[in-house]
1. Give me the net charge of residue 273's neighbourhood, meaning all other residues with Cβ under 11 Å from the Cβ of residue 273; Lys, Arg count +1, Asp, Glu -1.
2. Please say if region 225-271 is rounded, prolate or oblate, where rounded means a/c under 1.5 for a ≥ b ≥ c the square roots of the C-alpha gyration tensor eigenvalues, and otherwise the choice is prolate for a/b larger than b/c and oblate otherwise?
3. Give me D for region 3-113 in µm² s⁻¹, whole number, from Stokes-Einstein with Rh from the Kirkwood sum over alpha-carbon pairs, 10 °C and 1.306 mPa s.
4. What is the magnitude of the charge dipole of the chain about its Cα centre, with +1 placed on the Cβ of each Lys and Arg, -1 on the Cβ of each Asp and Glu, and no other charges, expressed in debye to the nearest 20?
5. Quick check: the angle from helix 324-339's long axis to the longest principal axis of the chain, C-alpha only, nearest 10 degrees?
6. Once every DSSP H run of n ≥ 4 in the chain is given -39500 (n - 2.57) and the sum is divided by its residues, what mean residue ellipticity at 222 nm do you get, rounded to the nearest 500 deg cm²/dmol?
7. Within the accessible area of the chain, what % is carbon and sulfur when the probe is 1.4 Å and the other protein chains stay in place?
8. Any chance you could look up the accessible area of residue 292 with a 1.4 Å probe, heavy atoms only, rounded to 10 Å²?
Amino acid sequence: MIDFDRNFSLTIDGKTAPSLSTVDVINPATEEIVAKAPDASRALLDDAVAAARRAFPAWRDTPLPQRRAAVAKFADVLDAHADEFARLFTLEQGRPLAKAKEEILGATFWCRAVSQQEIPTTVNEDSPERRSETRHVPIGVVGGIVPWNFPILLAVWKIAPALLTGNTIVVKPSPFTPLTMLKLGELMREHLPPGVFNVVSGGDHLGPWLTEHPGIDKVSFTGSTATGRRVMASAAASLKRITLELGGNDAAIVMADVDAKAIAERLFWSAFGNSGQICIATKRMYIHQDVYDLVANALVDYAKTVKVGNGLEKGSDLGPIQNRQQYTRVKELIADAKAQGQRFLVGGEVAEERGFFIPVTIVDNPPDTSRVVLEEAFGPVLPLLKFKHIDEVVERANASEYGLAGSIWSADIKGAAALAERLDTGTVWVNESQHLMPWTPFGGHKQSGIGVENGVAGLLEYTNPQTITVRKI
């Protein structure tokens, strides 16, 4: 029987690996210590990588139906313990309990969907003279570095395709939210060959150790652009394969023909879901001047119905910022907007109370040069910006170092789709936001990342192409 309240341990080579030191895991709603997580030493990381390397040849050669079943088993385990995982998730991450469970169940859906994906083989030539095929073979040992905003789902985005394609993996959760992944590692020990799936937690030193480790063949990282650059530099020494899903400053464009009241709820959650701590959250909302006041008022009215509070308390719609560092940064962004004389339509006052709580904050038409527009808040702060002409708003929306995602809101579906093609981002939604599926490729332009997650393209990120050409005698 797994105890979800204590006894958190590393999973290395299919068993518990004791650690001499620990890191405190803080509940962001109360600032109290939830638990102490293992702080892996360099020697323990070496052990995890060595275990993964030993396991790789046999796992690579394991028939695909068995690898499919193994990936699906993650879904079975998460399903069987969904309530326990959700409660632990809320304690360490802060998200309200119902939303936490949505992530757990979303991860089960993802595992089952990925388990059924096909690894393609392409016939390049089949002539009387020769046959040429390109197949896709596993890379080796994957290092998966997972962020604190979606500690289960974004881990599954790495684990499922890596294992399905025949790789082994060492997963490093964020030091802020390691507990759910440590328990998943513990639960999966009996279901996988030793060394196929390893989980190591620790402080800020562990990520660089992992990315520079000579035994790691590929790094899949989700996190900030600044850290992504360091990951890329570290991986360059041995030409590791990399997938980087990085920051975004996503723009929503709201056209003049919208029904403000009808879309207000969807617009709100596109920006404020998970307290704004989503890489693809709307972070700049451009609203046509003819409907600016209508949309702004509808958003404010809806915002006043949303409760920010402890995720374990009934009725909480949004939880706290996940950690003190990010909480301080979001407070500084709000303070800067105040200092610049910008107007708040709602929020803007951060109470001095226990927990990393920031109220829903909407800023009224600040200058494009203001920090609240230029920087990714990664918190519940949204600037509303007026525009007049389509060419103007496209230029402003694209004026960012980021290019992760965006959205267009309009009654004119054809016109909105044409406008979407002009945004320099990896994903654009029309009349919705954040709709992601296991079969849909997801990746960023510009400083928002390298490579793709999900879909066949994402699956192939965990493989090397091998072309075999046979001359027929």
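The values are calculated or read from the model by the stated rules, or taken from the named source; none is laboratory data. Predicted model, so just to flag it, every value in this text is computed and none were measured. Methodologically, a virtual Cβ is constructed for each residue, glycine included, from the backbone with ideal geometry; neighbour enumeration extends over all protein chains shown. Just the protein is used for accessible areas: all its heavy atoms, side chains included, with ligands, DNA and RNA removed. Shrake-Rupley method; radii C 1.70, N 1.55, O 1.52, S 1.80 Å.
1. Details: positive: 95, 99, 266; negative: 102, 317.
Net charge around residue 273: +1.
2. prolate
3. Numbers: Rh = 16.2 Å.
Estimated diffusion coefficient is 98 µm²/s.
4. Values: 49 positive and 56 negative charges, 226 e Å.
In debye, rounded to 20, the chain gives about 1080.
5. The answer is roughly 30 degrees.
6. Values: 15 runs with 176 residues, N = 473.
That comes out to -11500 deg cm²/dmol.
7. Taking all protein chains in place, the chain shows 53 percent carbon and sulfur surface.
8. 10 Å²
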